[in-house]
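The structure appears right after this line, and notes come after that.
The values are calculated or read from the model by the stated rules, or taken from the named source; none is laboratory data. If you're wondering where the values come from, they're calculated on a predicted model, not measured in any experiment. Here the Cβ positions follow ideal geometry from the backbone for every residue, glycine too, while neighbour counts run over all protein chains shown.
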Amino acid sequence: MSSPFLKPNAQEALPANLKTLRELRNLTQAELGDRAEMGAASVSHFETGQRTPSLESLVRLADALEVSVDTLLGRAPVEAGAKLDPIFLRASRASAKTLETVRKVTAALLDESDNR
C-alpha cells in the first residue's frame, strides 16, 4: 500500500536506501528490526516496497541506522548518511548546552593533536 503523502521519488528511494544502509552496517533484517523495535518481516516489507512505513516507523528506522529521515527518503545522499559518524548525528540532536560542551572538547582534542 503506497502513501499519498510521499513523493514518488521518496517511495522509490526508501526501499533501496533502507537495504543499502542496513547492509553497510552489516545488520540482518532481524537485527535492524530489534534496534527499531519492529519485526524482521516489517523491515523486509519496507525493503521490498510491499509496504510504506508509518512516520513513527520511519523515525525508528532512521534512529536505528543512525541516519536522518531525509537520507532514508533520498532527500540526502546515502553516502553522506553512511559516512557520518553516528556520534556526530547524536550530538546534533543534543541540547544547546551539551552541543557547546562537545564543541569545546572536540576543539581541545584537535588542538592537542595539531601540536604533536
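Considering only residues of region 72-87 that are modelled with pLDDT of 70 or more and of a type in the set (A, V, I, L, M, F, W, C), which is farthest from E56 (Cα to Cα)?
So, considering only residues that are modelled with pLDDT of 70 or more and of a type in the set (A, V, I, L, M, F, W, C), the one farthest from E56 (Cα to Cα) is I87.
For region 14-34: of the residues being more than 12 Å from the chain's Cα centre (by Cα) and in a helix (DSSP H, G or I), which is surrounded by the most Cβ atoms within 10 Å (Cβ to Cβ)?
Across region 14-34, the extreme among qualifying residues is G33.
Please verify whether S68 is outside the structural domain of L24 (by TED's automatic domain parsing) and modelled with pLDDT of 70 or more, treating the condition exactly as stated.
On the way: outside the structural domain of L24 (by TED's automatic domain parsing): no; modelled with pLDDT of 70 or more: yes.
No, not satisfied.
Can you tell me which of E56, E112, E47 is surrounded by fewer than 17 Cβ atoms within 10 Å (Cβ to Cβ) and modelled with pLDDT of 95 or more?
Step by step, each of E56, E112, E47 is checked, and only E56 is surrounded by fewer than 17 Cβ atoms within 10 Å (Cβ to Cβ) and modelled with pLDDT of 95 or more.
Can you tell me which residue is modelled with the lowest pLDDT among those in region 88-109 that are in a helix (DSSP H, G or I) and within 20 Å of L21 (Cβ to Cβ)?
Here the residue is L89.
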